[in-house]
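Everything below concerns the one structure shown next.
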Amino acid sequence: MLTLGKVLRFDEVKGYGFIAPKEGGDDVFMHANDLLDEKFLYQEGSEVEFFLQMGEKGPKASEIRLVYQPSSHRVTRGAEVDSAPTERRPVFLSDTDDDALEAGPQDAARFRADLTEALLERADTLTAAQVKEVRGIVVELAKSRRWIAS
C-alpha cells in the first residue's frame, strides 16, 4: 500500500532511520537500500511516499521516494530580490577572483551537494529525477573543465 509520511530522522552513515506515517500509527523503519533518491536528500521533515510492509521487527518502508515540496525561497515576477549574502552559495568561475582559483578545484562530492541544494532551493518545480539528470550533466561538465576534482 502506497503511504505518505515525513522523515523523523535518517542517519546516512548507519543507513537507516524512521518515518512518521501521515495517517498516524507506529513509526516505520527506513533503510538506505530502499531509497530511490540520493540518501543525503532524506533529511528530518522531508515528505516521502513509500510502500508499507510488515518486517520481522514491525512496519518497514520500501521504494521510498521524496515528494515534491515547494521552496520557501520562491520569488514571484516583479518582487524585489533580497541581495543580502547567504551563508553558502555556489561559486562559479565567472564570479571568482584569482585568489579563489588558487585554492584549486572543489571536491566533487561537495560540489554535487551544493549543486543539489541550489537546484532544490531555486528551481522548486523540478522533480527529483530532473534534479538528478541536471546535476549529472553539470557535474560531468565541471569535471571535464577541471572546475572540480574527479
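The values are calculated or read from the model by the stated rules, or taken from the named source; none is laboratory data. In this text, all values refer to a predicted model and were calculated from it rather than measured experimentally. Every residue, glycine among them, receives a Cβ derived from its backbone with ideal geometry; neighbour counts consider all protein chains shown. For accessibility, only protein heavy atoms count, side chains too; no ligands or nucleic acids. Shrake-Rupley method; radii C 1.70, N 1.55, O 1.52, S 1.80 Å.
Scanning the range 6-16 for residues that are touching a residue at least 24 places away in the same chain (Cβ under 8 Å) and over 13 Å from V48 (Cα atoms) yields E12, G15. Considering only residues of the range 16-25 that are small (G, A, S) and in a strand (DSSP E or B), which is most open to solvent (accessible area, probe 1.4 Å)? Looking at the filtered set, the residue picked out is A20. Of all positions in the range 3-11, none carries a residue that is modelled with pLDDT under 95, under 23 Å from R110 (Cβ atoms) and not in a strand (DSSP E or B). Restricting V13, V28, V48 to those that are open to solvent by 80 Å² or more (accessible area, probe 1.4 Å) and among the β-branched types (V, I, T) reduces the list to V13. Taking every residue in the range 45-66 that is acidic (D, E) and pairing it with any residue that is outside any strand (DSSP E or B), at least 6 positions away or on another chain, the pairs with Cβ-Cβ distances below 7 Å are E47/V67; E47/Q69; E49/V67; E63/D34; E63/L36.
For (1) at pLDDT below 70; (2) open to solvent by less than 70 Å² (accessible area, probe 1.4 Å); (3) closer than 18 Å to L41 by Cβ, each residue gets a yes or a no:
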{"residue": "A103", "(1), (2), (3)": "yes, no, no"}
{"residue": "D107", "(1), (2), (3)": "yes, no, no"}
{"residue": "F111", "(1), (2), (3)": "no, yes, yes"}
{"residue": "L120", "(1), (2), (3)": "no, no, yes"}
{"residue": "T125", "(1), (2), (3)": "no, no, yes"}
{"residue": "Q130", "(1), (2), (3)": "no, no, yes"}
{"residue": "E133", "(1), (2), (3)": "no, no, yes"}
{"residue": "E140", "(1), (2), (3)": "no, no, no"}
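Given the criteria surrounded by 11 or more Cβ atoms within 10 Å (Cβ to Cβ), more than 26 Å from K39 (Cα to Cα) and modelled with pLDDT under 75, does L93 qualify?
Here the answer is no, as L93 does not meet what is asked.
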